[in-house]
Amino acid sequence: MSNISEYKDIMAFHPGYYIAGIIEDMGISQTEFATRLGTTGKTLSQLVNGQINLSNELAKKLSVMMGTSIELWLNLQNTYDQKVIEIEQEKELDEQDTVAKQIDYSYFEKEAGLPAVSSIREKVLNLCKYFMISDLRILKEPDFLVNFRTGINTVEEKNIINSRAWIQTAINKAKEINTEPFDSKKLTAYLPKFREMTVQDPSVFYPRMKELFAECGVSFVLLPHLKNSGVNGAVKWINANSVVLAMNNRGLDADKFWFSLFHEIKHVLQQKIKTVFINAQGSEMQDMNETLEAEADSFASSYLIPEVKLKEFAPNSFTSDNDILRFAESIGIHPGVVVGRLQHEKIIAPSRGNSLKQKYYII
C-alpha cells in the first residue's frame with residue numbers, strides 16, 4: 001500500500017509520506033526514529049507506508065518531537081482522508097457514466113425541470129438527486145422498487161434501469177398531489193363514476209378523475225413514455241394510507257386506456273402493500289405474481305363490459321359497426337372499448353371497427 005493515492009488530477013498524501021521525508025532528512029533509520037518517537041518499528045513502518053491512520057497519540061508525540069502543533073499532524077490526516085473520499089467519489093461517478101448514458105436525460109429536463117447540461121458528470125449528479133439515490137447503479141439492484149422475471153427471457157439492463165427511473169418519477173410527481181387517507185370502500189363506490197367517464201372527452205373526465213382518486217387516497221399520475229422503460233402502468237404503495245397509480249400516456253387509444261386503468265385499480269384494491277405492480281411490454285417484465293395479474297385482467301374486462309351483457313350481445317365475425325355502437329350505448333360504454341375487447345378476443349379482425357375507436361391526447 002502506497003502513502004500516495006492518486007486518480008486523474010487528484011492526489012492524496014498520507015501523513016506517512018511526510019514522516020518518511022523527515023526520517024530521510026534526519027539521516028537515521030526507521031528503527032531509530034521509532035525509538036525516538038516512543039513507538040514500535042512495526043507501527044512506524046505501517047504509518048510510513050500508509051497502512052494505518054495517524055492516531056491522536058502519535059500526533060501528540062510528533063508535535064513534541066518536531067516542535068510543531070498537534071493540529072498540524074491531525075490536519076494532514078484529515079486532508080488525506082478528504083482527498084481519498086474525493087478519489088473514491090470520482091471513480092464511482094466515472095463508473096456511473098454507463099448507466100447515465102442509457103437514460104434519456106432530456107426527458108427529465110421536460111418532466112422534472114432538471115437543468116440542461118452537456119457534461120455526463122452533471123447528468124449523473126442531477127439524476128441521483130432527483131431519484132434520491134447515492135449511485136445510479138442502484139437502479140440495477142434486484143431489490144430496488146420492483147423485481148423482474150429472470151431466466152430465458154431476461155430483461156435487458158437498459159429496460160430495468162429506465163423502468164425504475166420511470167416509476168421513481170411517478171413517485172416524485174405523486175408527492176405534489178394532496179390526497180385523503182386510502183379508503184378502499186370509497187374507491188369501490190366510485191367505480192361506476194369512472195366507468196361513466198369512458199363516454200366523456202378527456203378534457204372533461206381527466207380533472208375529475210384525479211379529484212376522485214385523491215379523495216380515495218390514490219395519487220393518479222399520467223406520465224409520458226420514457227425511452228426503453230417499457231412501462232405502461234404501475235401501482236406503488238408509499239405507505240398503508242397512500243398509493244400511487246401511474247400510467248403511461250403513449251398511444252392512448254381509449255380501449256387501452258380504460259382497460260389499463262381498471263387493471264391498475266384492481267391492483268390498488270388488492271392492497272398488496274409490499275408489492276409493486278407493473279404493466280409493461282413483454283411478458284418478462286410483468287409482475288411475478290401471475291394470479292394477481294390474471295385477477296386484474298379479468299376485473300378490467302368484466303367491469304367495463306359485463307360478461308352477461310356480452311353473451312346477450314353474442315358478437316361474431318360479421319357483427320357490424322352499427323351493432324357495436326348500439327351495444328355500447330346500451331351498456332353506457334365507449335364503443336372503442338367494445339371494439340378493443342372484440343379484437344383482443346379475436347371475435348372480429350384487427351382491421352374491423354377501428355372507426356369507432358378514439359385516441360386520447362391528455363396533457
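In degrees between 0 and 90, to the nearest 10, how far off the longest principal axis of the chain does helix 70-100 point, with axes built from Cα atoms?
The two axes meet at around 30 degrees.
How many percent of DSSP beta bridges within the range 210-304 run antiparallel, rounded to 5?
Bridges in the range 210-304 that DSSP calls antiparallel: roughly 60 percent.
Rounded to the nearest 10 degrees, what's the angle between the helix 335-344 long axis and the longest principal axis of the chain, both from Cα atoms, 0 to 90?
So the helix axis and the longest Cα principal axis differ by about 70 degrees.
Under the definition of Cα pairs under 8 Å and six or more residues apart, what whole-number percent is the relative contact order of the chain?
12
Among the lysines, which fall within straight-line cross-link reach of residue 129, defined as a Cα-Cα distance under 17 Å, with same-chain neighbours fewer than 8 residues apart omitted?
Candidates past the 8-residue exclusion: 101, 110, 140, 173, 175.
Rg/Rh for the range 58-137: what does it come to with C-alpha atoms and Rh from Kirkwood?
1.31
Obtain the nm distance between the two label points defined at residue 344 and residue 121 by a simple spin-label model: each point lies 7 Å from its Cα along the Cα-to-C-beta direction.
For residue 344 paired with residue 121, the spin-label model returns 5.0 nm.
Which FRET efficiency value, to the nearest 0.05, do you get for residue 36 and residue 238 by plugging their Cβ-Cβ distance into 1/(1 + (r/R0)^6) with R0 = 45 Å?
0.10
Please give every one of the aspartates and glutamates within straight-line cross-link reach of residue 193, meaning a C-alpha to C-alpha distance under 19 Å, and leave out same-chain neighbours fewer than 8 residues apart.
Once the sequence-local aspartates and glutamates are set aside, what remains near residue 193 is 180, 183, 201, 211, 215, 255, 264, 329.
Rounded, prolate or oblate: which one fits the range 198-246, using the alpha carbon gyration tensor with axes a ≥ b ≥ c (rounded when a/c is under 1.5, else prolate when a/b beats b/c, else oblate)? Spell out each step's value before the answer.
Working: a/c = 2.97, a/b = 1.07, b/c = 2.79.
Taking the square roots of the gyration eigenvalues as a ≥ b ≥ c, the range 198-246 is oblate.
Hey, with R₀ at 41 Å, roughly what FRET efficiency would residue 90 and residue 214 work out to, going by the Cβ-Cβ distance, to 0.05?
Here the calculated transfer efficiency is 0.40.
Given H placed on each backbone N at 1.01 Å, which residues far from residue 253 in sequence or on other chains put an amide H within less than 5 Å of it?
Under 5 Å from the amide H of residue 253 lie the amide H atoms of 360, each far enough along the sequence or on another chain.
Considering the convex hull of the alpha carbon atoms of the range 46-191, report its projected area averaged over all viewing directions, in nm², one decimal.
16.7
Taking Cα atoms, how many degrees apart are the long axis of helix 321-331 and the longest axis of the chain, rounded to 10 and kept between 0 and 90?
It is inclined by approximately 80 degrees.
Over the residues of the range 4-94, compute the C-alpha Rg and express it relative to 2.2 N^0.38 Å. Each step should come with its number before you reach the end.
On the way: Rg = 14.0 Å, N = 91, 2.2 N^0.38 = 12.2 Å.
Output field value: 1.15.
Taking only Cα atoms and a 10 Å spring cutoff, compute GNM fluctuations for the chain and point out the largest among 31, 275, 79.
Taking springs between Cα atoms under 10 Å, the residue moving most is 31.
Grab the DSSP H runs of the chain that are 4 residues or longer, score each as -39,500 (n - 2.57), total them, divide by all residues and round the 222 nm result to the nearest 500 deg cm²/dmol.
Helix contribution divided over all residues of the chain: -17000 deg cm²/dmol.
Viscosity 0.692 mPa s, temperature 37 °C: give me the Stokes-Einstein translational D for the range 305-363 in µm²/s, with Rh taken as the Kirkwood radius over C-alpha pairs.
Details: Rh = 11.6 Å.
Using the Kirkwood radius from Cα pairs, D works out to 282 µm²/s.
How much of the DSSP beta bridge set in the chain is antiparallel, as a percent to the nearest 5?
The antiparallel proportion sits near 70 percent.
Sequence neighbours fewer than 8 away in the same chain don't count; with that in mind, list the lysines whose C-alpha is under 22 Å from residue 60.
Straight-distance partners of residue 60: 42.
Work out, in µm²/s and without decimals, the Stokes-Einstein translational diffusion coefficient of the chain at 25 °C, 0.890 mPa s, Rh from Kirkwood over C-alpha pairs.
For these conditions, the coefficient is 98 µm²/s.
Where a number appears in this text, it was derived from the coordinates with a stated rule and is not lab data. This structure is a prediction, so every number in the text was calculated from the model and none was measured. No Cβ is skipped: glycine too gets one built from the backbone with ideal geometry, and neighbour counts run over all protein chains shown.
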